[in-house]
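Heads up: the structure comes next, in structure tokens.
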Amino acid sequence: MATDEADEIVWVSEPWMAAGACRGLDPAIFFPSDGSGVIGARKICVTCAVIDDCLAYALKYRIEHGVWGGSSERERKRLQRSQLIHR
């Protein structure tokens with residue numbers, strides 16, 4: 001996800017997205033307001049054939065909100081910090 005100068009969200013569509021277990025589901029499932037919602041989203045993510053692609057996408061575009069690739073916002077921030085340290 002990238003933003004333009006007006007801070008509008010611009011989605012970058014990738015071919016793997018069509019194979020996502022989340023395809024066709026309510027997006028609100030993946031943008032929970034609490035920890036139990038994250039658990040529910042992860043239950044879907046663990047069945048997904050493109051979970052690794054999804055996580056890589058979220059890290060590449062520094063997506064801050066929602067569950068992507070089975071990871072929460074907090075987990076992705078930790079991964080990003082870890083990647084910066086190991087460069």
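Once segment 63-87 is narrowed to residues that are modelled with pLDDT under 90 and basic (Lys, Arg), the residue that is most open to solvent (accessible area, probe 1.4 Å) is ARG87.
Could you give every pair whose Cβ atoms fall below 8 Å, whose first residue belongs to segment 58-73 and is over 15 Å from GLY20 (Cβ atoms), and whose second residue is open to solvent by less than 50 Å² (accessible area, probe 1.4 Å) and assigned to a strand (DSSP E or B), counting only separations of at least 6 or pairs across chains? Between residues of segment 58-73 that are over 15 Å from GLY20 (Cβ atoms) and residues that are open to solvent by less than 50 Å² (accessible area, probe 1.4 Å) and assigned to a strand (DSSP E or B), the close pairs are TYR61/ALA2. Number of residues in segment 38-52 that are in a helix (DSSP H, G or I), in contact (Cβ under 8 Å) with a residue 12 or more places away in the chain and open to solvent by less than 40 Å² (accessible area, probe 1.4 Å): the value is 3.
Residue-wise test of (1) at pLDDT 95 or above; (2) polar (S, T, N, Q).
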site	(1), (2)
ALA21	yes, no
PHE30	yes, no
GLY37	no, no
ARG42	yes, no
THR47	yes, yes
LEU55	yes, no
LEU59	no, no
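The values are calculated or read from the model by the stated rules, or taken from the named source; none is laboratory data. From a predicted model like this one, the values you see are computed outputs, not experimental measurements. Please note: Cβ atoms are built from the backbone with ideal geometry, for glycine as well, and neighbour counts cover all protein chains shown. Accessible surface is based on the protein model in full, side chains and every heavy atom, while ligands, DNA and RNA are left aside. Shrake-Rupley method; radii C 1.70, N 1.55, O 1.52, S 1.80 Å.
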